[in-house]
1. Working out 0.36 nm times the residue gap between ASP153 and ALA39, then minus their Cα-Cα distance, what length gain in nm do you get to one decimal?
2. Tell me, what is the 1.4 Å probe accessible area of VAL116, in Å² to the nearest 10?
3. How charged is the neighbourhood of GLU64? Take every other residue with its Cβ under 12 Å from the Cβ of GLU64, and add Lys/Arg as +1 and Asp/Glu as -1.
4. At q = 0.10, 0.17, 0.21 Å⁻¹, what is the base-10 log of I(q)/I(0) for the stretch 58-173 according to the Debye formula with one equal point scatterer per Cα and no solvent? Please give it to two decimals.
5. Rounded to the nearest 20 Debye, what is the dipole magnitude of the stretch 73-173 about its Cα centre when Lys and Arg each give +1 and Asp and Glu each give -1 at the C-beta?
6. Starting from the residue with the highest accessible area, list ASP82, ASP120 in decreasing order, probe 1.4 Å.
7. Applying 1/(1 + (r/R0)^6) with R0 = 25 Å to the Cβ-Cβ distance of ARG113 and ASP91, what FRET efficiency is obtained, to the nearest 0.05?
8. When the Cα centres of the stretch 39-108 and the stretch 128-173 are compared, how far apart do they sit, in Å?
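The values are calculated or read from the model by the stated rules, or taken from the named source; none is laboratory data. This structure is a prediction, so every number in the text was calculated from the model and none was measured. Because the Cβ atoms are built from the backbone with ideal geometry, glycine has one as well, and the counts that use them run over all protein chains shown. Side chains are part of the model used for accessible areas, which takes the heavy atoms of the whole protein and leaves out ligands, DNA and RNA. Shrake-Rupley method; radii C 1.70, N 1.55, O 1.52, S 1.80 Å.
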Amino acid sequence: MARVDRRRFCRLALGMGAAGLGTAAWWRSAGLHRAERAAKALGSDVAVVVLHEDRRTAEAAAGEALGAIARVDALMSLYRPDSQLRRLNRDGSLDRPHADLVAILRNAEAFSRRTVGAFDVTVQPLWHLFAEAKAAGGLPTDREIEATRRSVDWRRVRVSAERIELLAPGMAV
């Protein structure tokens with residue numbers, strides 16, 4: 001059986017949910033209208049399905065949801081070179097960050113604290129290391145993993161409304 005990576009898992013899960021909504025058609029008998037929008041965002045295909053009694057409300061909600069996804073993508077995409085997250089990872093700091101990015105990183109810090117570091121928003125360097133090794137047909141060495149782990153530590157991220165800083169070389173969110 002083929003391994004399922006994060007992106008494939010999300011596509012399968014979202015696809016099964018959307019397929020269930022589309023094929024069952026139970027919503028029609030309930031007097032609901034269906035509005036669907038799709039786009040490329042977050043490094044993948046995304047789709048939004050809204051069911052509502054009023055067709056215009058469903059259409060507007062689907063459009064607003066896709067707009068919200070587009071705003072998150074523009075701000076926090078790892079794939080867009082102009083996103084604030086990509087600039088933070090590249091430069092190690094970001095002045096005047098968007099309030100949503102500040103809020104997410106503060107929530108990530110709180111979650112890391114509650115999980116005693118089991119959740120670590122700075123895991124990106126390890127993710128990248130394993131992705132590169134997989135592309136080369138293998139796994140990283142223990143030495144590579146240990147060296148990369150020095151760039152992973154949620155406690156070395158400073159977040160304020162004015163500035164976000166990654167305090168270790170090679171860190172990334």
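1. 37.7 nm
2. Looks like 130 Å² after rounding.
3. So the environment of GLU64 carries a net charge of +1.
4. Debye output, listed in q order: -0.36, -0.90, -1.17.
5. That gives the stretch 73-173 a dipole magnitude of about 180 debye.
6. So, going from the largest accessible area down, we get ASP82, ASP120.
7. FRET efficiency, ARG113 to ASP91: 0.45.
8. The distance from the Cα centre of the stretch 39-108 to that of the stretch 128-173 comes to 23 Å.
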